[in-house]
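The values are calculated or read from the model by the stated rules, or taken from the named source; none is laboratory data. Because the structure is predicted, anything quoted here is derived from the model rather than measured. With ideal geometry, Cβ positions are generated from the backbone for all residues, glycine too; neighbour counts draw on all protein chains shown.
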Amino acid sequence: MNTSNSRPKRRTANNGALSFEFISTDSAAYARERELRAKVLREPLGMPPGAEIFPFEDEALHLVARVGDDVVGCVMFKPEGKTGRMLQMAVAQGHQKNGIGTELVKTLEERLRHDGFHDVYAHARDYAVPFYEHLGYSIDGKPFTEIGIRHFLMRKAL
Ligand SMILES: CC(C)(COP(=O)(O)OP(=O)(O)OC[C@H]1O[C@@H](n2cnc3c(N)ncnc32)[C@H](O)[C@@H]1OP(=O)(O)O)[C@@H](O)C(=O)NCCC(=O)NCCS
């Protein structure tokens, strides 16, 4: 998808310049995004490198948070008509709880509103539900199990 739109932002706790950027799957940053997703979202579950790959990587939006060349946060969006799924939300361990996840979601939502999407949904791991509620997402329906973890479907109108 079109990767235009990036906005320089704040700074990290150790004063590194933090920027948020939509990237394409043929960029060098995409390899780093995949490494981050594998490390934060798959390795703790005992899943091998490669388990983070989805069949729709090229059609999805990829937003990363960077400090220089390092990718310290990321989120993906898979369009489905005027709605779509937000997924692979991850912030590197040493950078969590600094507002990077919040900024990633807000930056993605801004882009989606601009592109005419009506709403967004996510499969939230149970322990991450407060993070999404904080951003205005609501639980829809009963919990379900995905990759061995209890999840909730969460939605937000844009
Ligand atoms: C969940 C995650 C993406 C949040 O990113 P982050 O940059 O750490 O979050 P923020 O600093 O923007 O936090 C925003 C708010 O959500 C809360 N929050 C963040 N992570 C949370 C968690 N795991 N559980 C409960 N609350 C959480 C924060 O306390 C904060 O609230 P506050 O401002 O009132 O203190 C990040 O912690 C992460 O990558 N976790 C591991 C992977 C994961 O679980 N991904 C989500 C899969 S659905």
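Quick notes on this structure:
- Considering region 60-100, the residues that are within 13 Å of the ligand (Cβ to nearest atom) and touching a Lys or Arg at 6+ places or on another chain (Cβ under 6 Å) include one that is farthest from ALA157 (Cα to Cα), namely VAL71.
- Neighbours by Cβ (under 9 Å, 6+ apart or cross-chain): first from region 77-99, touching a residue at least 12 places away in the same chain (Cβ under 8 Å) and under 13 Å from HIS123 (Cα atoms); second assigned to a strand (DSSP E or B) and within 6 Å of the ligand (Cβ to nearest atom): MET89/ALA124
- Residue in region 40-49 that is within 15 Å of the ligand (Cβ to nearest atom) and in contact with a Phe, Trp or Tyr (Cβ under 9 Å, 6 or more places away or on another chain) present: no
- Matching residues, region 41-68, being within 25 Å of GLU110 (Cα to Cα) and in contact (Cβ under 8 Å) with a residue 40 or more places away in the chain: LEU41, GLU59, ALA60, LEU61, HIS62, LEU63, VAL64, ALA65, ARG66, VAL67, GLY68
- Strands (runs of 3 or more DSSP E) fully within region 55-143 that include at least 2 residues being of a type in the set (D, E, K, R) and either modelled with pLDDT of 95 or more or surrounded by fewer than 18 Cβ atoms within 10 Å (Cβ to Cβ) (or both): 70-80, 119-125.
- Pairs with Cβ under 7 Å, 6+ apart, first in region 122-133 and touching a residue at least 60 places away in the same chain (Cβ under 8 Å) and over 15 Å from LYS156 (Cβ atoms), second outside any helix (DSSP H, G or I) and more than 6 Å from the ligand (Cβ to nearest atom): none
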